[in-house]
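Participant: Have a look at this one.
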Amino acid sequence: MSELYRKIDDPRGFTHRQVQTNGIGLHYVEEGEGPLVILLHGFPYLWYMWRHQIRALAAGGYRVVAPDIRGFGQSDCPAEAESCDMLHCVADLVGLMRELDESTAVVIGHDLGAWVAYAAAQTRPDLFRALAMLNTPVTPREAQRPSDTWALLASKTGKRFYQQYFQQRVEAEAVMNADVRRTLLSTYYSISGDASGPERWRLFIGEDESFLDTVFNPQQLPAWLPEEAMDYYASEYARKGFAAPLSHYGARDRNWEQSAFLEGLKLMQPSLFIGGAADPAAPLFMPNYDKLESHLPGLRKKVLLEGVGHSAAEERPEAVNELLLAFLADL
């Protein structure tokens, strides 16, 4: 692995900033000069999941900004669904761009961040000129309320879809906060391409199970997740726990209700999708992956990286950086 990737695991080596916007304190990391690129992390991650991309894109001639989404890490947010919906998240980005004195940006999101990035590109195409999504192929507004879909799945399987489980805030928080480091390590490993067989994350949780029963706690860290990285993730989540991050899932029905005006809208900006062929969620999202072109007419490329799970940016940083830089250069 090149020098670029060996020296970036220390979070203190990045430029950290804090800004007041949209009623909260928003923490972000910034590197480089040039056209603005905003990187949005997923759950349960932080700005830090992009550490490999921040340096590479900055070296490629871009101003790279990676915030902690509201409620995560060092960004504020009340731990309630009403404060963690998509409109609030998009408004945070708009306010951040004003503070940065920028009028246009490429927005790149992973997992939860992909949903925020997609919503930003939908609602403010004047600001967000292109979109890239990692691991989660976001779809247009669902035909029915998410909670109704989860109830239907539960009736068919006898188990709770993980997003339905996350609605049980008291239960989910207690389980996940009991040992933050174990929760994170088990999750990061089980959703990665390193996990195999029974080690792989299960998306459905039995009535007598908790979230931790669906992930595997490895004896050793995977090669792509050094001790320093794991320490940073654990220390940040230990400060406030999972309450606010889980509230983003609590807002799923609210997001659906608020997005009725976007029904049928196609996203016309140039777009890119990067996923992992070994993502445990792949069987569920493949139908969405197959039809991305139907609602993304500007899709330039979609790719599934072999052997990669749900953390493509960390598991295969060189491949992800190459794809992102090629996409950006072609805009």
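Read the figures in this text as sums done on the coordinates, not as results from a lab. Because the structure is predicted, anything quoted here is derived from the model rather than measured. With ideal geometry, Cβ positions are generated from the backbone for all residues, glycine too; neighbour counts draw on all protein chains shown.
Participant: What share of all Cα pairs of the stretch 124-245, in percent, falls into each consecutive 5 Å distance bin?
Facilitator: Binned Cα distances yield the sequence 2, 9, 15, 18, 19, 16, 11, 7, 2, 0.
Participant: Hey, got the Cα dimensions of the stretch 3-329 along the principal axes, in Å, largest first?
Facilitator: 52, 45, 39
Participant: Any idea what Rg and Dmax come out to for the stretch 97-168 if you just take the C-alpha atoms, in Å?
Facilitator: Reported Rg and Dmax, both Å: 16.1, 51.
Participant: Moving on to the next point. Just to confirm the filter: which trypsin sites (Lys or Arg not before Pro) across the stretch 109-176 are DSSP coil and have at most 11 other Cβ within 10 angstrom of their Cβ?
Facilitator: Values: sites: Arg129, Arg141, Lys156, Lys159, Arg160, Arg169; in loops: Arg141.
Sites meeting the loop and neighbour criteria: none at all.
Participant: Shifting gears a bit: Which is farthest toward the positive dipole end of the stretch 156-295 among Asn288, Ile274, Val175, measuring Cα position about the Cα centre, with Cβ charges +1 (Lys, Arg) and -1 (Asp, Glu)?
Facilitator: Farthest along the dipole direction, towards plus: Asn288.
Participant: Can you give the charge dipole size of the chain about its Cα centre, rounded to the nearest 20 debye, using +1 on the beta carbon of Lys and Arg and -1 on the beta carbon of Asp and Glu?
Facilitator: Numbers: 31 positive and 44 negative charges, 100 e Å.
Charge dipole, the chain, about its Cα centre: 480 debye, nearest 20.
Participant: Now for a separate question. Pairs of Cα atoms under 8 Å, at least six residues apart: use those to get the relative contact order of the stretch 3-329, whole percent. Walk me through the intermediate numbers first.
Facilitator: Working: 617 pairs, mean separation 63.9, N = 327.
Value for the stretch 3-329: 20 percent.
Participant: Further question: Putting +1 on Lys and Arg Cβ atoms and -1 on Asp and Glu Cβ atoms, find which of His41, Met230, Gly241 reaches farthest to the positive end of the dipole of the chain.
Facilitator: His41
Participant: Something else now. Taking every DSSP beta bridge with both residues inside the chain, roughly what % is antiparallel (nearest 5)?
Facilitator: Details: 13 of 36 bridges.
Once the DSSP bridges in the chain are tallied, antiparallel ones form about 35 percent.
Participant: Could you tell me what % of all Cα pairs in the stretch 240-295 have separations over 19 Å? Walk me through the intermediate numbers first.
Facilitator: On the way: 887 of 1540 pairs.
Within the stretch 240-295, distances greater than 19 Å cover 58 percent of Cα pairs.
Participant: For Thr157 and Ala234, compute 0.36 nm times the residue count separating them, minus their Cα-Cα distance, and round to one decimal in nm. Walk me through the numbers on the way to the answer.
Facilitator: Values: separation 77, 0.36 × 77 = 27.72 nm, distance 3.32 nm.
That works out to 24.4 nm of additional length.
Participant: While we're on this one: What's the center-to-center distance, using Cα atoms, between the stretch 84-142 and the stretch 145-185 in Å?
Facilitator: Distance between centres, Cα-based: 25 Å.
Participant: How much length is gained if the chain between Leu284 and Glu99 is pulled fully straight, taking 0.36 nm per residue apart and subtracting their Cα-Cα distance, in nm to one decimal?
Facilitator: 62.7 nm
Participant: Now for a separate question. Return a whole-number percent for the relative contact order of the stretch 237-331, with Cα pairs under 8 Å and 6 or more residues apart as the contact set. If you can, show how the numbers build up before the last one.
Facilitator: Numbers: 82 pairs, mean separation 28.2, N = 95.
Computed value for the stretch 237-331: 30 percent relative contact order.
Participant: I've got another one for you. Given Cβ point charges of +1 (Lys, Arg) and -1 (Asp, Glu) and nothing else, what value in debye, to the nearest 20, does the dipole of the stretch 21-112 about its Cα centre take? If you can, show how the numbers build up before the last one.
Facilitator: Details: 5 positive and 13 negative charges, 65 e Å.
Roughly 320 debye for the stretch 21-112.
Participant: Ranked from highest to lowest mean number of other Cβ atoms within 10 Å per residue, what is the order of the peptides 215-222, 172-179?
Facilitator: On the way: 215-222: 15.0, 172-179: 16.8.
Going from most to least packed, we get 172-179, 215-222.
Participant: Still on this structure, I have one more. Mind checking which lysines have their Cα closer than 21 Å to the Cα of Lys301? Skip sequence neighbours fewer than 8 apart in that chain.
Facilitator: Cα-Cα hits under 21 Å: Lys266, Lys291.
Participant: Let me ask something additional. Show me 7-13, 244-250, 109-115 ranked by packing, highest mean number of other Cβ atoms within 10 Å first. Before the final figure, lay out each step's value.
Facilitator: Working: 7-13: 13.4, 244-250: 23.0, 109-115: 25.6.
Per-residue Cβ counts within 10 Å, averaged per peptide and sorted highest first, yield 109-115, 244-250, 7-13.
Participant: Could I ask something else about it? Let me know the charge dipole size of the stretch 205-331 about its Cα centre in debye, to the nearest 20, where only the beta-carbon of Lys, Arg (+1) and Asp, Glu (-1) is charged.
Facilitator: Numbers: 10 positive and 20 negative charges, 126 e Å.
Result for the stretch 205-331 is approximately 600 debye, rounded to the nearest 20.
Participant: On to the next question. So what is the 222 nm mean residue ellipticity for the chain from helices alone, if each DSSP H run of at least 4 adds -39500 (n - 2.57) and you divide by all residues, rounding to the nearest 500 deg cm²/dmol?
Facilitator: Values: 15 runs with 135 residues, N = 331.
Roughly -11500 deg cm²/dmol at 222 nm, from the helical runs in the chain.
Participant: Projected onto the charge dipole of the chain (+1 at Lys/Arg Cβ, -1 at Asp/Glu Cβ, origin at the Cα centre), which of Leu203, Cys84, Trp150 gives the Cα projection farthest towards the positive end?
Facilitator: Farthest towards the positive pole: Trp150.
Participant: Based on C-alpha coordinates, I'd like the Rg and Dmax of the stretch 146-208, in Å.
Facilitator: Rg then Dmax for the stretch 146-208, in Å: 12.9, 33.
Participant: Give me, ordered by chain and number, the residues 5 or more places off Gly34 or on other chains with an amide H under 5 Å from its own placed amide H.
Facilitator: Arg63
Participant: Between His16 and Ser147, what is 0.36 nm times their sequence separation minus the Cα-Cα distance? Round to one decimal in nm. Don't skip to the answer; put the middle values down first.
Facilitator: Values: separation 131, 0.36 × 131 = 47.16 nm, distance 3.76 nm.
Taking 0.36 nm per residue and subtracting the Cα distance, the gain is 43.4 nm.
Participant: Say each of Leu221 and Glu322 gets a label point 7 Å from the Cα, pointing the same way as Cα to Cβ; how far apart are those two points in nm?
Facilitator: 2.6
Participant: Highest mean first, how do 316-324, 291-299 rank when packing is the count of other Cβ atoms within 10 Å averaged over residues?
Facilitator: Details: 316-324: 19.2, 291-299: 15.3.
Ranked by mean Cβ neighbours within 10 Å, highest first: 316-324, 291-299.
Participant: Counting pairs of alpha carbon atoms under 8 Å apart in space and at least six apart in sequence, what relative contact order in percent does the stretch 136-254 give? Let's see the in-between values first.
Facilitator: Numbers: 115 pairs, mean separation 37.4, N = 119.
This gives 31 percent for the stretch 136-254.
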